Amino acid sequence: MTLKIISAEDILFEGEVTSVSLPGTNGRFTVLKNHASLISTLEEGNIVFTTSGGEEQERHVLGGLVDVDNNIVSVCIY
């Protein structure tokens with residue numbers, strides 16, 4: 001699946017991942033391939049994701065929105 005993490009200034013990450021863990025407003029949740037479509041707000045915390053090469057990375061965010069649809073995870077942060 002494809003993960004895109006963007007801010008108003010830049011694209012922070014765009015690439016293929018196997019999983020993404022996000023700090024949702026109602027609690028942390030994980031998105032895997034073929035996840036149901038959803039839109040959620042994010043609170044301050046870390047986005048943790050595993051690239052298709054098996055490398056785990058994380059990005060700290062102050063909040064934002066996430067849209068999951070057709071194996072594309074789009075995260076807009078602030």
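Observations on the model:
- From the list Phe49, Phe29, the lone residue that is touching a Lys or Arg at 6+ places or on another chain (Cβ under 9 Å) and aromatic (Phe, Trp, Tyr) is Phe49.
- Selected residue (criterion: most open to solvent (accessible area, probe 1.4 Å)) from residues of the stretch 41-56 that are in a strand (DSSP E or B) and within 19 Å of Glu16 (Cα to Cα): Glu56
The values are calculated or read from the model by the stated rules, or taken from the named source; none is laboratory data. Remember, it's a predicted structure, so these values are computed and weren't measured experimentally. FYI the Cβ positions are ideal-geometry reconstructions off the backbone, even for glycines, and counts take in every protein chain you see. What goes into the accessible areas is simple: the full protein's heavy atoms, side chains included, and nothing from ligands, DNA or RNA. Shrake-Rupley method; radii C 1.70, N 1.55, O 1.52, S 1.80 Å.
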